[in-house]
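Read through the structure below, which is laid out as structure tokens, and then see the notes.
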Amino acid sequence: MVQFNGSRIGDVYYFMGEIFIRKGSFQHADIAFSQAVRNEPVNDLWWTRLGYAREMARNYNLASIAYDKAYSLNPQNIEARNGKKRMMSKIR
């Protein structure tokens, strides 16, 4: 019998988020990615994907927050930087 200790639960939520994005279910993707970053808050890629899901759901303020977090974790994250730029033009 395999025991599951929850150490990969963030990965599970991340992949669920990716599936929801591919299906165009951006609010569900937001929920899944939010759980992923709750379990692993230092993963800048996951924060970037959360920003993207929120952007596609037209939750621009929340997308901006997620992109900011991703960029603060990794200033080399070009996708987060570009996402933040897009949000600046949409929030105004």
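The values are calculated or read from the model by the stated rules, or taken from the named source; none is laboratory data. Bear in mind that the values here come from a model prediction, so they are computed numbers and not experimental data. Glycine also receives a Cβ, built like all others from the backbone with ideal geometry; neighbour counts cover every protein chain displayed.
Hey, could you check the range 42-58 for residues that are in a helix (DSSP H, G or I) and either more than 11 Å from the chain's Cα centre (by Cα) or of a type in the set (Gly, Ala, Ser) (or both) and say which is farthest from GLN27 (Cα to Cα)?
Quick first cut of the range 42-58, residues in a helix (DSSP H, G or I) only: 44-56.
Filter again for either more than 11 Å from the chain's Cα centre (by Cα) or of a type in the set (Gly, Ala, Ser) (or both), leaving 51, 53, 56.
Working: GLY51: 11, ALA53: 7, MET56: 9 Å.
Top of the filtered list is GLY51.
Taking into account only those residues within the range 69-92 that are buried (at least 17 other Cβ atoms within 10 Å of the Cβ) and among the hydrophobic types (A, V, I, L, M, F, W, C), which is modelled with the lowest pLDDT?
MET87
Report whether or not ALA63 is at negative phi, in contact with a Lys or Arg (Cβ under 6 Å, 6 or more places away or on another chain) and of a type in the set (A, V, I, L, M).
Values: at negative phi: yes; in contact with a Lys or Arg (Cβ under 6 Å, 6 or more places away or on another chain): yes; of a type in the set (A, V, I, L, M): yes.
Spelling it out, ALA63 is indeed at negative phi, in contact with a Lys or Arg (Cβ under 6 Å, 6 or more places away or on another chain) and of a type in the set (A, V, I, L, M).
Condition first: buried (at least 19 other Cβ atoms within 10 Å of the Cβ) and either β-branched (Val, Ile, Thr) or closer than 20 Å to PHE20 by Cβ (or both). Now tell me which residues in the range 56-68 satisfy that. Explain how you work it out, then say what you get.
Within the range 56-68, the first condition is being buried (at least 19 other Cβ atoms within 10 Å of the Cβ), and the residues that meet it are 63-64, 66-67.
Those that are buried (at least 19 other Cβ atoms within 10 Å of the Cβ) and either β-branched (Val, Ile, Thr) or closer than 20 Å to PHE20 by Cβ (or both): ALA63, ALA66, TYR67.
Which one of ASN39, ASN82, ASN61 is in contact (Cβ under 8 Å) with a residue 24 or more places away in the chain and over 13 Å from the mean Cα position of the chain (by Cα)? Show your work before the answer.
Details: ASN39 fails: over 13 Å from the mean Cα position of the chain (by Cα); ASN82 fails: in contact (Cβ under 8 Å) with a residue 24 or more places away in the chain.
It is ASN61.
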